[in-house]
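The values are calculated or read from the model by the stated rules, or taken from the named source; none is laboratory data. If you're wondering where the values come from, they're calculated on a predicted model, not measured in any experiment. Protein only, heavy atoms only, side chains kept; ligands, DNA and RNA dropped before computing areas. Shrake-Rupley method; radii C 1.70, N 1.55, O 1.52, S 1.80 Å.
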Amino acid sequence: MACDSAEGGQHGFTAGWRLAAAAVILITVVAARFNAGLADFVNTDPQGAGQVREVERFATGLVYTSGQSVGQVIAMVFGAFVPVGWHFRMALMKREEHSGKIRGALWGGVGLALANVATVLLIGVLAGEWLVRSAVHHDYFDPKLLGDVGVVMMVLLGFVGFLVWSLVGAVLKPMAGEGRRGTAILILSMLVALALNGFVNIQLTLMILT
């Protein structure tokens, strides 16, 4: 019986991971088109090579960090609802169950971060002309700037963000409790996380890339 529960939890983990990964990939693709156009608002009429390069760095950084804000909130949801999985049969003590959930959320966060990074790299390297440049008035996106220190820093910070938010979800779920009250708390927390995460990511992007 315990084994059946463990297998059920494992299947739930896999299905949840696939659904979350698909959502992150889709949001990343959509966000790439939107983010590339935001470069026009940084400097509507760049003068000289220096200003043009600054806008290019900003546009490239936005494209290579596409989907992070919403994707990290998805990681939070994943962390909150991920089943205990193969640790279920060892969950005779609450500590064991919680430990299994934390590990599952952490690995799920890593997987979602990889899905996001792989998608933006494919967009930048293979589909930049078709998917990104068609969405902007100017050709500010430069895939070669992936090696820029600021752009690399933003990508790495985003990767860590997926892990942090997945763990936040795993910790928040038992604190919120069950029933309607727990569901309401989780929904409110996710909305706050989305707004806060978007604000923080924008500020980091402005600080590092401009």
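Quick notes on this structure:
- Where 190, 154, 175 fall by accessible area, highest first, once all protein chains stay in place (1.4 Å): 175, 190, 154
- Accessible area, probe 1.4 Å, largest first, for residues 64, 140: 140, 64
- According to the Kirkwood relation over distinct C-alpha pairs, the hydrodynamic radius of the stretch 148-210 is 13.2 Å.
- Surface listing: 165, 107, 17 arranged by accessible area from highest to lowest gives 107, 17, 165, probe 1.4 Å.
- In Å², nearest 10: area of residue 119 left accessible to a 1.4 Å probe: 10
- Ligands, DNA and RNA aside, residue 26 has an accessible area near 110 Å² when probed at 1.4 Å.
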